[in-house]
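For reference, the structure discussed in these notes is given below.
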Amino acid sequence: MNPVDLRSDTITRPTAKMRKAMFEARVGDDVYGEDPTVNALEEMAAHRVGTEAALFVPSGTMSNQIAVMVHTRPGQEVITEATAHIFLYEAGALGRLGSVQVHILEGERGLFSSKALQGAIRGDNIHFPPTGLVTLENTHNRAGGRVFRKEEFREHLEICSEHNIPVHLDGARIFNAAVALNCSPASLVEGFDSVSFCLSKGLGAPVGSLLCGSKVFIKEARRCRKILGGAMRQAGILAAAGIVALEDMTERLQEDHERAKELAEILQESENFSLGFPVDSNIIVAAYRGNLSTEALVSSLAKDGLLVNPFGPGEIRLVTHMDLEDGDMKRAGEILVKY
Ligand code: TLP
């Protein structure tokens, strides 16, 4: 029997319809702007999130880092939350590629207060690095897939606008947020200067993310993508799967959320696990209070047929996605409660 793989929604494989679309895709050289399938995907993405333009990039990490490169100058400061993906999980790219200093604000479940933000914005003083960018994340990965309503960002966006500071949204899972709130992704992105979302997580495409923003922003982003070596040629092969992802796979995310809730209920009844956060979408962060080390727990679970990721001392992450089958949550639950 195959293991139940809850390590991430990135592990999903392209559907038969995606593979067919990839096989049949019309392609051209995208560096010349001549790949019709990439162009169609970029147009569709911009339309879905309500921005003027969009850029197809190989990964969410590259998308976020291009946004930083476009919005900031070297030596500026980027304000971000202490557990944000852009800070924790992008291999130090902010310093190494962006040449920016990171200003971390402690948040509660993935969001710092607007008061803390106000206090962190640098004044005009020769000793300080100017504040060049603020980033937010929705859904918030490390905060257990937390979904933010647009009102929760309103004051943050107002403060940044007063200070003329751009705001980037890491919306890798923005469609999960939209489905959870039963609203359009465009309504959640309104007021941001750029947004990145991923095709290769819950939406099931094999590769790719979209960076979205104004035409001027995307023109410069295209140059930065080239700098990072992310300008691809006949990328329509990949974009074709992305089009299917956007057309067919957004509404079904609801199913992933329901499965996460089902598993969360089982966990709550178990002796040694408790939820790190309420479960808003497809990510569960669970705290473990049994005798095993996190490493030993993860490898024992794997031997029993359940794959999860360690997520810090005494914590594991479980992510639901479209490659799961009916009964998988029950199987996962039965394995977990043994610990
Ligand atoms: N997240 C991955 C890992 O990197 C942790 C995962 O398994 O969840 N923003 C957010 C909020 C993300 O969760 C991720 C990927 C990214 C950006 C980066 O996307 P990729 O992996 O395409 O570079």
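Quick notes
- Single residue of E42, E77, E81 found to be modelled with pLDDT of 95 or more, within 21 Å of R146 (Cα to Cα) and open to solvent by less than 40 Å² (accessible area, probe 1.4 Å): E81
- Of all residues in segment 90-106, those satisfying the criterion of being under 20 Å from R225 (Cβ atoms) and open to solvent by 50 Å² or more (accessible area, probe 1.4 Å) are A91, R96, L97, S99.
- Test: residue in segment 193-202 that is assigned by TED's automatic domain parsing to the domain that holds M44, out of contact with any Leu (no Cβ under 6 Å at 6 or more places or on another chain) and free of Cβ contacts under 8 Å to residues at least 40 places away in the same chain: no
- Residue check, L324 within 16 Å of the ligand (Cβ to nearest atom) and touching a Leu at 6+ places or on another chain (Cβ under 7 Å): no
- Candidates T139, T135, filtered to the one that is within 23 Å of E90 (Cα to Cα), open to solvent by less than 30 Å² (accessible area, probe 1.4 Å) and out of contact with any Leu (no Cβ under 9 Å at 6 or more places or on another chain): T139
- Each residue in segment 142-187 was checked for being open to solvent by 10 Å² or more (accessible area, probe 1.4 Å) and at positive phi, and 2 of them qualify.
- Any hit, segment 24-31, residues being farther than 26 Å from C183 by Cα, of a type in the set (K, R) and within 16 Å of the ligand (Cβ to nearest atom): no
- Scanning segment 1-32 for residues that are under 28 Å from D328 (Cα atoms) and part of a loop (DSSP other than H, G, I, E, B) turns up M1, N2, P3, L6, R7, S8, T12, R13, P14, T15.
- Comparison of V78, V134, V100 shows that the only residue that is in contact with a strand residue (DSSP E or B) (Cβ under 6 Å, 6 or more places away or on another chain) and more than 25 Å from S187 (Cα to Cα) is V100.
- Selected residue (only one of G276, G312, G290, G333 is touching a strand residue (DSSP E or B) at 6+ places or on another chain (Cβ under 6 Å) and either open to solvent by less than 40 Å² (accessible area, probe 1.4 Å) or touching a residue at least 60 places away in the same chain (Cβ under 8 Å) (or both)): G276
- Residues that are within 16 Å of the ligand (Cβ to nearest atom) and open to solvent by 60 Å² or more (accessible area, probe 1.4 Å), drawn from segment 1-23: R7, T10, R13
- Taken over segment 188-216, residues that are in contact with a helix residue (DSSP H, G or I) (Cβ under 8 Å, 6 or more places away or on another chain) and either open to solvent by 10 Å² or more (accessible area, probe 1.4 Å) or acidic (D, E) (or both) amount to 7.
- Considering segment 52-61, the residues that are out of contact with any Cys (no Cβ under 6 Å at 6 or more places or on another chain), open to solvent by 10 Å² or more (accessible area, probe 1.4 Å) and not in a loop (DSSP other than H, G, I, E, B) include one that is nearest to the ligand (Cβ to nearest atom), namely T61.
- Within segment 225-236, the residues that satisfy the criterion of being surrounded by fewer than 21 Cβ atoms within 10 Å (Cβ to Cβ) and either not small (G, A, S) or not assigned by TED's automatic domain parsing to the domain that holds P36 (or both) are K226, I227, L228, R233, Q234.
- With a requirement of 3 or more residues that are within 16 Å of the ligand (Cβ to nearest atom), in contact (Cβ under 8 Å) with a residue 40 or more places away in the chain and under 19 Å from the mean Cα position of the chain (by Cα), the helices (runs of 4 or more DSSP H) lying completely within segment 62-181 that satisfy it span 85-88, 174-181.
The values are calculated or read from the model by the stated rules, or taken from the named source; none is laboratory data. Quick caveat: nothing in here was measured; it's all calculated off a predicted structure. Neighbour counts are summed over all protein chains in view; Cβ atoms, including those assigned to glycine, are modelled from backbone coordinates with ideal geometry. Keep in mind that these areas ignore ligands, DNA and RNA; they rest on the heavy atoms of the full protein, side chains included. Shrake-Rupley method; radii C 1.70, N 1.55, O 1.52, S 1.80 Å.
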